[in-house]
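Since the structure comes first, as structure tokens, the remarks are kept for the end.
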Amino acid sequence: MKGYNSDYGGGGGSDGSVNGEDFNSAGSNSVGQVDSVTITADVHSVPTTGEPNSVSKNYKDGKLDSERYYDGDGNAYLDIDYSDHGNPKTHPTVPHEHDIWFDDDGGFHRGRDKGINK
Ligand SMILES: [Zn+2]
């Protein structure tokens, strides 16, 4: 599943790159601490939990399709989508981001396309 995981840390920031892997090319201010970058390709759905303070970049057909960001507890909190999901009417802005949250029962929720928080 995981392509490769550069997880030897080393600071990181809210945008830029970790260990030579860039992320947040959308320039979103919603992105928090990122200590590691995971690369996946053609996964059916990106996991809702992952390495704490990390981002999972998912590629489709060799193109960056989405980035999912995980907080210090390893819970997803943000998606940045680099495609219109094949539906430009409901996703006119590319890239765009979606908030992610979990309810009290652990249910996974993903908000509407809200553009990019700059
Ligand atoms: Zn989207």
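Note on region 65-98: among residues that are surrounded by fewer than 18 Cβ atoms within 10 Å (Cβ to Cβ) and touching a residue at least 24 places away in the same chain (Cβ under 8 Å), the one that is nearest to the ligand (Cβ to nearest atom) is 77.
Here residue 31 meets the list (1) in contact (Cβ under 8 Å) with a residue 60 or more places away in the chain; (2) crowded, with 17+ Cβ neighbours inside 10 Å almost entirely, failing just condition (1). Within region 99-115, the residues that satisfy the criterion of being more than 9 Å from the ligand (Cβ to nearest atom), surrounded by 10 or more Cβ atoms within 10 Å (Cβ to Cβ) and more than 13 Å from the chain's Cα centre (by Cα) are 101, 102, 108, 109, 111, 114, 115.
Read-outs throughout are calculated quantities, based only on the coordinates presented, and are distinct from any laboratory measurement. Keep in mind that this is a model prediction, so the values were computed, not measured. Positions of Cβ are generated from backbone atoms using ideal geometry, with glycine treated the same way; all protein chains shown enter the neighbour counts.
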